[in-house]
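The values are calculated or read from the model by the stated rules, or taken from the named source; none is laboratory data. For clarity, every value in this text was computed on a predicted model and none was experimentally measured. Positions of Cβ are backbone-derived with ideal geometry, glycine not excepted, and every protein chain shown enters the neighbour counts.
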Amino acid sequence: MTTRPKTPRAADQAGKPHVNVTSYDVALLAGVSQSAVSRCFKEGAAVSDKMRARVMKAADELGYTPNLIARSLITRRSNLVAILISNLTNLYYPEVLSELSQQFAANGMRILLFTLPHEGDIDRVLAQVWEYQVAGVIAAARLTPKQVAEFERRRIPLVMYNRTLRDKAVNAVVCDQIEGARTLVSRLAAAGHKRFAIIDGPGDSVVGQERTRGAVERLAELKLRAPVIVAGNYDYESGVNGLREIIAQMGRAPDAIICGNDVMAIGCVDAARHEFRIAVPAKLSVAGFDGVEPSTWMSYNLTTLRQPVQKMTQAAAGLLTSLIDNPDGAPEKRSFSAQFIEGGTARLGPPA
């Protein structure tokens, strides 16, 4: 029977570290306990600078690197968080992924990214999520009540990002899309606009559905005629083609067009100015959502509603971290308001 050596194993003669160097070896060389070594490699753990320096010196001499997979087997907790995000969201909100990565890294956690061609494709990736035994999940994609129930059955903490469920309490961080759309319609109507059109987002986009619903509901409350609604796919071509279709249906340009996101609004503005020779905003007001970087360019200066991405990602990361530590807490929903950017592509009335 082999026994553990009483002296730590140093690097071999070729200068290459032993592959089997453990925290026990580092502890022997540094003259500290094995638990002290573990604390030194755990972000945020309470360790004196003197002890950390001793441990790191020993680890460097031995060529030691912590085995996170082995640690997760012992603790039965991985430090992996899954992010489920649609390709469209990742394309137009790259800061969401960047901010989430930074937030979790600060808590000693790493992310696994699962991208979906469309929000409705989530079933095909959930099996992979279960296989990785992640500590928690942030889903920036549509989930059904049945899918959420499966997270609960597996006791995997879940936070929905910019999505929620109407008939089931879930942990969620959202921007109030309906409120933002209602505010936008109110400001446009206050400037005298009467004929509205909407270039909608994809049919499986929860965010797009809420934006359209908020606009339609507010128009009805103001007793203005129902808007012409055409389908879009959150891309530039949808804005161009959307304006063409609207004009074809109405026989003229409307007073105002609300686009499901900024990229479609930019396409709509370009088509209005260069293809139809319509002055924006003198003859046609165009507004979008999201406040992405191109919306601030001088050529566009879009009227839009900007989501507070940094605040939302901080809230999502904080909520999921809390759920991982205390999985039995009551579901919580944190809602944020969008920032109204008046821009220069729409004629607006005063705020209510």
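Regarding ASP325, is this residue under 23 Å from the mean Cα position of the chain (by Cα) and assigned by TED's automatic domain parsing to the domain that holds GLU152?
yes
Can you tell me which residue is farthest from VAL148 (Cα to Cα) among those in region 168-199 that are touching a Phe, Trp or Tyr at 6+ places or on another chain (Cβ under 9 Å) and small (Gly, Ala, Ser)?
Ranking the qualifying residues of region 168-199, first place goes to ALA189.
Taking only region 290-305 into account, find how many residues are modelled with pLDDT of 95 or more and buried (at least 20 other Cβ atoms within 10 Å of the Cβ).
The total comes to 5.
In region 272-302, how many residues are closer than 19 Å to GLU210 by Cα and among the polar types (S, T, N, Q)?
Counting residues in region 272-302 that are closer than 19 Å to GLU210 by Cα and among the polar types (S, T, N, Q) gives 0.
Each row is one residue, and each column tells you yes or no for (1) β-branched (Val, Ile, Thr); (2) in contact (Cβ under 8 Å) with a residue 12 or more places away in the chain; (3) assigned to a strand (DSSP E or B).
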| position | (1), (2), (3) |
| --- | --- |
| LEU126 | no, yes, no |
| VAL129 | yes, yes, no |
| GLN133 | no, yes, no |
| ILE138 | yes, yes, yes |
| ALA149 | no, no, no |
| VAL173 | yes, yes, yes |
| THR183 | yes, yes, no |
| PRO202 | no, yes, no |
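Scan GLY291, GLY260, GLY267 and give me the residue that is assigned by TED's automatic domain parsing to the domain that holds VAL185 and in contact with an Asp or Glu (Cβ under 6 Å, 6 or more places away or on another chain).
Just a single option satisfies the conditions, and that option is GLY260.
A quick yes/no check of all residues on (1) surrounded by fewer than 20 Cβ atoms within 10 Å (Cβ to Cβ); (2) touching a residue at least 24 places away in the same chain (Cβ under 8 Å); (3) more than 19 Å from THR296 (Cβ to Cβ):
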| residue | (1), (2), (3) |
| --- | --- |
| ALA231 | yes, yes, yes |
| TYR236 | yes, yes, no |
| GLY239 | no, yes, no |
| ARG244 | yes, yes, yes |
| ALA248 | yes, no, yes |
| ASP262 | no, yes, no |
| VAL269 | no, yes, no |
| HIS274 | yes, no, yes |
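Let me confirm something: among ARG54, ARG110, ARG4, which residue is at pLDDT 80 or above and outside the structural domain of VAL137 (by TED's automatic domain parsing)?
ARG54
Can you say whether LEU143 is buried (at least 21 other Cβ atoms within 10 Å of the Cβ) and part of a loop (DSSP other than H, G, I, E, B), as far as the supplied structure shows?
Numbers: buried (at least 21 other Cβ atoms within 10 Å of the Cβ): yes; part of a loop (DSSP other than H, G, I, E, B): yes.
Yes.
Which strands (runs of 3 or more DSSP E) does region 252-316 wholly contain that include 1 or more residues that are among the basic types (Lys, Arg)?
It comes to 304-306.
So which residues in region 317-352 are in a strand (DSSP E or B) and of a type outside the set (Phe, Trp, Tyr)?
Of everything in region 317-352, those that are in a strand (DSSP E or B) and of a type outside the set (Phe, Trp, Tyr) turn out to be LYS333, ARG334, SER335, GLN339, ILE341.
If ASP235 satisfies every condition in (1) modelled with pLDDT of 95 or more; (2) over 21 Å from VAL185 (Cβ atoms) but one, which is the exception?
Unmet condition: (1).
Please state which of the following conditions VAL96 fails to meet, knowing it meets all the rest: (1) crowded, with 18+ Cβ neighbours inside 10 Å; (2) of a type outside the set (Phe, Trp, Tyr); (3) at pLDDT 85 or above.
All conditions pass for VAL96, except number (3).
For region 289-314, which residues satisfy the criterion of being of a type in the set (D, E, K, R) and either within 27 Å of VAL81 (Cα to Cα) or under 13 Å from the mean Cα position of the chain (by Cα) (or both)?
Selection gives ASP290, ARG306, LYS311.
Which one of the conditions (1) of a type in the set (Asp, Glu); (2) surrounded by 21 or more Cβ atoms within 10 Å (Cβ to Cβ); (3) modelled with pLDDT under 95 does ASP200 fail to meet, given that it meets all the rest?
(3)
Going residue by residue through region 208-217, is there one that turns out to be on the phi > 0 side of the Ramachandran plot and either in contact (Cβ under 8 Å) with a residue 24 or more places away in the chain or not assigned by TED's automatic domain parsing to the domain that holds VAL292 (or both)?
No, there is no match, as no residue in region 208-217 is on the phi > 0 side of the Ramachandran plot and either in contact (Cβ under 8 Å) with a residue 24 or more places away in the chain or not assigned by TED's automatic domain parsing to the domain that holds VAL292 (or both).
Which of the residues that make up region 321-352 are surrounded by 15 or more Cβ atoms within 10 Å (Cβ to Cβ), among the small types (Gly, Ala, Ser) and closer than 28 Å to GLY180 by Cα?
If the condition is that a residue be surrounded by 15 or more Cβ atoms within 10 Å (Cβ to Cβ), among the small types (Gly, Ala, Ser) and closer than 28 Å to GLY180 by Cα, then ALA338, GLY343, ALA346 are the ones that fit.
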